[in-house]
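Scroll down for the structure; my scribbles are underneath it.
The values are calculated or read from the model by the stated rules, or taken from the named source; none is laboratory data. The shown structure was predicted, so the numbers you read here are calculated from the model rather than taken from an experiment. Note: ideal-geometry Cβ built from the backbone for every residue, glycine included; neighbour counts use all protein chains shown. All accessible areas refer to the heavy atoms of the entire protein, side chains included, with ligands and DNA or RNA removed. Shrake-Rupley method; radii C 1.70, N 1.55, O 1.52, S 1.80 Å.
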Amino acid sequence: MYLTSTYTMTASLRRTLALLQSDLTRGQKEVTTGRHADLGLAMGRGVSESFTVVSARASLEATRASNSMLSSRLDSTQVALSALLSDAQGMRATLMGAQTNGGDPGAIVTQARQALTTFMAKLNGSNAEGFVFGGVNTDQEPIVNYFSDPPQTNKIALDAAFVAEFGFSQTDPAVSTITGPQMKTFLDGAFSSLFSAASWKNDWSRASDTPIRSQVSLSVAIDTSITANEPALQKLAAAYTMMTDLGAEDQGSAAYSTLLQSAMTTLDSGIHALTKTQARLGVIQSTVQTANETMLIQSDTLDAHLHDLEAVDPIEASARVNGLMTQIETAYTLTARISQLSLIKYL
């Protein structure tokens, strides 16, 4: 004989209501998000593929975010190189004009000094990641200030070389006695050696030869910085320094003419090399842009695949939610009616 009671039926309906409400919550979430509320339950072992896709997409997004910062650094580098090139071309134009009439030595020295000052400021530029031209030495100012007081290694080395060559300093009136051949010998010999790769890194530069290497896509890593040890930059510094600090204003015409010619030749070499450096940097920028575009396509492809894996049929999900709401309403109605049953009404 089977016995029951209003309490038993009510308790059973309440358990059913709890299950229906839980199903309704999941269903409403699926309608809102368009994805399975419980991936493990819906996909089984296939959920591992979903996690793999999500991980790959996160890696793409992280690389693209890193590339955004990288692009900003590359843009800053390109702007600095363009400014250096503009100054060099301006200095060359001045030297070219002075080839015929000698120009104003004082004005030329002032322009060269300003160009050297700007040169050092640009190469010592920094951003949130450190010094832009430092290579992997991002925490150390790349270029030693030639005009520091007390004098630094680059100024000390040049002063010593000048005195060793001529027997007096650049500020000595005896500078006027230097002949053209003597000046050429100095410029091609002792002075030139001051700007060799070894001397540059010893006296002028604290930058690393090793550029920053960046992962620009999931499969591509490239060098993404220009260091202050570029030969082009050494040439520019040499040209500005010889016009700034070899006593140009007090030299005789022959030595001064030799100095002008040497400075222009050095500048020409530096300008030519600098345009190649800019072109190389442009290739790096293009590579980063292409990598970003490729990763954007890959992200879209992964999004589509993830949607195929995790998406629910919106029509089916809506129909299921509506059905659950009907069942819940029916269960509430039955619960209310059962709770009103009483033997007292029948006695």
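Please turn the phi angles of the stretch 52-59 into ³J(HN,Hα) values with the Karplus equation 6.51 cos²θ - 1.76 cosθ + 1.60 (θ = phi - 60°), one per residue in order, whole Hz, x for glycine and proline.
4, 5, 4, 5, 5, 5, 5, 5
For a paramagnetic label modelled at 7 Å from the Cα of Asp223 toward its Cβ, which residues of the stretch 269-307 fall within the zone defined by backbone nitrogen distances under 17 Å?
Within reach of a label on Asp223: 273-288.
How large is ³J(HN,Hα) for each residue in the stretch 96-102, as worked out from phi by the Karplus curve 6.51 cos²θ - 1.76 cosθ + 1.60 (θ = phi - 60°), to whole Hz, x for Gly and Pro?
After applying 6.51 cos²θ - 1.76 cosθ + 1.60, I find 5, x, 6, 5, 8, 10, x Hz.
Would you mind calculating the gained length between Asp104 and Ala304 on full extension (0.36 nm times residue separation, minus the Cα-Cα distance), in nm to one decimal?
Result for the pair: 65.1 nm of gain on full extension.
What residues have an amide H closer than 5 Å to that of Ser126, excluding those fewer than 5 places away on the same chain, when H is modeled at 1.01 Å from N in the peptide plane?
Distant-sequence amide H within range of Ser126: Val132.
On the full set of protein chains, 1.4 Å probe, figure out the accessible area of Ile284 and give it in Å² to the nearest 10.
In the full protein context, Ile284 sits at about 20 Å².
Would you please report the Å³ per residue occupied by the convex hull of the alpha carbon atoms in the stretch 118-213?
114
For a Förster distance of 25 Å, can you work out the FRET efficiency between the beta-carbons of Asp149 and Glu129, rounded to the nearest 0.05?
That gives a FRET efficiency of 0.25.
What FRET efficiency, computed as 1/(1 + (r/R0)^6) with R0 = 51 Å and r the Cβ-Cβ distance, is obtained for Ala160 and Ser76, rounded to the nearest 0.05?
0.90
Go through the stretch 61-78 residue by residue and turn each phi into a ³J(HN,Hα) via Karplus (6.51, -1.76, 1.60, θ = phi - 60°); whole Hz please, and just put x for glycine and proline.
For the stretch 61-78, the Karplus-derived couplings read 5, 5, 5, 5, 5, 5, 5, 5, 5, 4, 4, 5, 5, 5, 4, 4, 5, 5 Hz, x marking Gly and Pro.
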